[in-house]
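Below: one structure, written as structure tokens.
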Amino acid sequence: MKILHTSDWHLGHVLYNYDRTAEQRDMLRQIVDLVAAERPDALLVSGDVFHNAAPSAASQQLLVEGLLGMHEVCPEMPIVLTAGNHDSAARLEATAQLWKLANVTVVGSFTRHDDHTPDYDRHIVELPGKGWVVAVPHAYPFNFPAPAEVDRNERQRHFFQAVLNRVAERNTDGLPVVLMAHLAVAGGDFTGHDNIGTIDTVPVDALGQGYDYAALGHIHRPQTIGDEGRVRYCGTPLPVSFDEQCEHSVSIVQLDGHTPPVVTSHRITNLHPLRTLPPQDPVPLDEALQLLADFDDQQPAYIRLNVATQGYVPADARSKAADATQDKACRFCVIKVTNTAPQPTTEHRQMTVAQLQQTNPLDVARSYILEKNGVAMTEEQEQMFNEALQRVNETENNRS
Ligand SMILES: [Mn+2]
């Protein structure tokens, strides 16, 4: 069985107020071309189809164009779409019956039978003579449906295993089984992820046993988890943030149900690459602005300036950067500021009133700014402070 594994399209994503429809349309066109060339047995989109739970009319139209394009070049290929944490499960599923006419299965949510037992079968897509797909949308671990006797901490694990068990019962020919899920498994490289540091991970074994390949979505960096090569994030085909500095691709996966999956990454190019100037270590603002001025006039790109400062970035830095791109094809987005001033100590200094009275007011201000803002006072600020101090002293002298 040959599958095309992709996820995290984030259709409708807006980058610093720039509309990305043209890029996203071009990305979908590249997948259509790949489907035409590869003719996979199934195309799987593992969640985060849209960037927003209420996608715009334009992004809904993009999805229709994209999926129909993929269907038209390979009508016999089933397409399976699941909802990610960015999607509205109900909204995605609203057109599920209509999509059936184009060989597209949409699984956005979980349901239960009248007797309240979970409906596992709606997650099972049989590819007759080829294999099986288990399509599981995103849910928080406690929200997986499970029989009442299952502990809430075990609901997710129980659900995956229950569906895989049902597939095993029906899979009498031992055909390959692919599990789609949208979650973060432990052991992944989450560099560049929007929510870095706050990702809740689940152990790989929570996915259960009985699948040959786990086609995961949620993490945007393509990677295979573990040594067996059976658990993989295909990554997003277009970067969603400047910190996603990896190559973007979709995965073609060959499965025979016995030997480890064989994965081939197919690079997706971006009409408007996301570029950080300079790409590695930050430089002073003037140098960064010079890099922007020297940037190829004809090259479409989104630009982030990578600036090092010991104080504040001047208020007009953004408008200078925007001006520098006026006659260029690139678009300025944002300044990433790295403060290279010595970091303040976290412990507050204990001072007696007598000590405070003996301390020069400027030194008090300096340590206050350093402690509060993490930056040293600029020369200009010190000058302003001294002027203010002088006027206060003058006023007090006049009074006495
Ligand atoms: Mn995502």
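The values are calculated or read from the model by the stated rules, or taken from the named source; none is laboratory data. This is a predicted model, so every value here is computed, not measured. Every residue, glycine as well, gets a Cβ built from its backbone with ideal geometry; the counts of neighbours run over all protein chains shown.
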Exercise for the section: Would you check if Thr111 is under 20 Å from Gly257 (Cα atoms) and surrounded by fewer than 13 Cβ atoms within 10 Å (Cβ to Cβ)? Expected result: no
Completion exercise
Restricting attention to segment 368-390, the residues that are assigned to a helix (DSSP H, G or I) and under 22 Å from Thr309 (Cα atoms) number exactly 13
Handout entry: Filter result for Val262 (without any contact (Cβ under 8 Å) to a residue 40 or more places away in the chain, outside the structural domain of Cys333 (by TED's automatic domain parsing) and aliphatic (A, V, I, L, M))
Key = yes
Fill in the blank from the handout: Checked against (1) surrounded by fewer than 23 Cβ atoms within 10 Å (Cβ to Cβ); (2) away from the ligand (no atom under 13 Å from the Cβ); (3) under 19 Å from Trp9 (Cβ atoms), Ala215 satisfies every condition except (1)
Problem - Restricting segment 1-22 to residues that are away from the ligand (no atom under 16 Å from the Cβ) and in contact (Cβ under 8 Å) with a residue 60 or more places away in the chain, the residue that is farthest from Met77 (Cα to Cα) - result: Tyr16
Problem - Residue ID - farthest from Leu216 (Cα to Cα), chosen from residues in segment 94-138 that are in contact with a His (Cβ under 9 Å, 6 or more places away or on another chain) and part of a loop (DSSP other than H, G, I, E, B) - result: Ala102
Practice task
Kindly provide the set of residues from segment 77-102 that are under 20 Å from Leu28 (Cβ atoms) and more than 28 Å from the chain's Cα centre (by Cα), ordered by number.
Solution key: Leu98, Leu101, Ala102
Practice task
Please specify each residue of segment 244-271 satisfying the condition of being outside any loop (DSSP other than H, G, I, E, B), hydroxyl-bearing (Ser, Thr, Tyr) and loosely packed, with under 14 Cβ neighbours inside 10 Å.
Solution key: Thr264
Problem - Residue check, Arg230 without any contact (Cβ under 8 Å) to a residue 60 or more places away in the chain and within 16 Å of the ligand (Cβ to nearest atom) - result: no
Completion exercise
Note on segment 350-367: residues more than 21 Å from Pro314 (Cα to Cα) and assigned to a helix (DSSP H, G or I) are Val353, Ala354, Gln355, Leu356, Gln357, Gln358, Pro361, Leu362, Asp363, Val364, Ser367
Fill in the blank from the handout: Apart from one, (1) closer than 21 Å to Asp41 by Cβ; (2) touching a His at 6+ places or on another chain (Cβ under 6 Å); (3) within 16 Å of the ligand (Cβ to nearest atom) all hold for Gly235; the odd one out is (1)
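Matching residues to (1) within 16 Å of the ligand (Cβ to nearest atom); (2) touching a helix residue (DSSP H, G or I) at 6+ places or on another chain (Cβ under 8 Å):
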site: Ser88; (1), (2): yes, no
site: Leu101; (1), (2): no, no
site: Val133; (1), (2): no, no
site: Val136; (1), (2): yes, yes
site: Pro145; (1), (2): no, yes
site: Asn153; (1), (2): no, yes
site: Val177; (1), (2): no, yes
Handout entry: Whichever residue in segment 27-78 is of a type in the set (S, T, N, Q) and part of a helix (DSSP H, G or I) and, among such residues, is nearest to the ligand (Cβ to nearest atom)
Key = Ser59
Practice task
Taking the options Gln355, Gln343, Gln350, Gln326, name whichever one is of a type outside the set (Asp, Glu), at pLDDT below 95 and farther than 30 Å from Ser367 by Cβ.
Solution key: Gln326
